[in-house]
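The values are calculated or read from the model by the stated rules, or taken from the named source; none is laboratory data. No experiment lies behind these values; they were computed from the predicted model shown. Cβ atoms come from the backbone with ideal geometry, glycine included; neighbour counts cover every protein chain shown. These accessible areas exclude ligands, DNA and RNA; they are computed on the full protein's heavy atoms, side chains included. Shrake-Rupley method; radii C 1.70, N 1.55, O 1.52, S 1.80 Å.
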Amino acid sequence: MPSSQEAMPRYDIKRELKQYYAPKNRDWERIDVPPQQFIAADGRGDPNTSSEYAECVQALYAVAYTLKFMSKGTLGRDFVVGPLEGLWWADDLGSFFTRDKDAWQWRMLISQPDWLTEEQIEEAVRTALAKKHLPAIAGVRRETLHEGTSAQLLHIGPYDDEGPALARLHDEYLAARGLRMTGLHHEIYLGDPRRADPAKLRTVLRQPVRPA
């Protein structure tokens, strides 16, 4: 007979929170996003050319996999490492439509199961830093986020083709429903741009909103 540990399925956020991590709608719809905890790291600049961005992502995955193995080994609870996510902002909102990426600021995220504590996340950061010797790991921290009411869609295609969908959100969707933005533009990357055909990349676009 299998033990309770063997019988417990791996937690997979894309399965458990399917509405938020595997949406089907290709146009904006309103949703209510529950609170979540993440590991996070901040930076700025063009993600395609910035060494800071590449090091930040590498650091996040190093800590994420350390947490996965720590959780499985000490708590008997395994999970699938979640997709990379990002919060994006700029002093000039127009830089998103013009794709002036050097002006962008970002907070990259990977969601974590709610059974992991802040102390365990801090321990994983120390462990990963000692093992990998990547200075960016020192900047990884726990972040909580409760976006609540948000507009969301699934974008399929290259990241640089998101502009029309974002313009439609700002110019049409929000005004028609008496809403305004609150919080930061959020993206969830469901494909690997290093391997996937750009035309087939899937990205969840999300914007917290509230009544104007």
Check your understanding: Which residue, of Gln112, Gln105, is surrounded by 17 or more Cβ atoms within 10 Å (Cβ to Cβ), within 23 Å of Leu184 (Cα to Cα) and polar (S, T, N, Q)?
Key -> Gln112
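Residues checked against (1) more than 23 Å from Ala22 (Cβ to Cβ); (2) at pLDDT 95 or above:
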position	(1), (2)
Lys101	yes, no
Thr127	yes, yes
Pro135	yes, yes
Val209	no, yes
**Study point:** So Asp102, is it part of a helix (DSSP H, G or I) and touching an Asp or Glu at 6+ places or on another chain (Cβ under 8 Å)
**Key:** yes
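Rundown of residues vs (1) part of a helix (DSSP H, G or I); (2) open to solvent by 80 Å² or more (accessible area, probe 1.4 Å), yes/no style:
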position	(1), (2)
Pro9	no, yes
Gln37	no, no
Gly43	no, no
Thr49	no, yes
Thr66	yes, no
Gly82	no, no
Trp88	no, no
Asp92	no, yes
Study note, to complete from the structure: Note on Trp106: of the conditions (1) closer than 29 Å to Met8 by Cα; (2) within 14 Å of the chain's Cα centre (by Cα), unmet is (1)
Exercise for review: Would you mind telling me which numbered condition in (1) on the phi < 0 side of the Ramachandran plot; (2) buried (at least 16 other Cβ atoms within 10 Å of the Cβ) Ala167 fails?
Suggested key: (2)
**Study point:** Pick from region 148-164, criterion open to solvent by less than 10 Å² (accessible area, probe 1.4 Å) and under 13 Å from Arg26 (Cα atoms), ranking: modelled with the lowest pLDDT
**Key:** Glu162
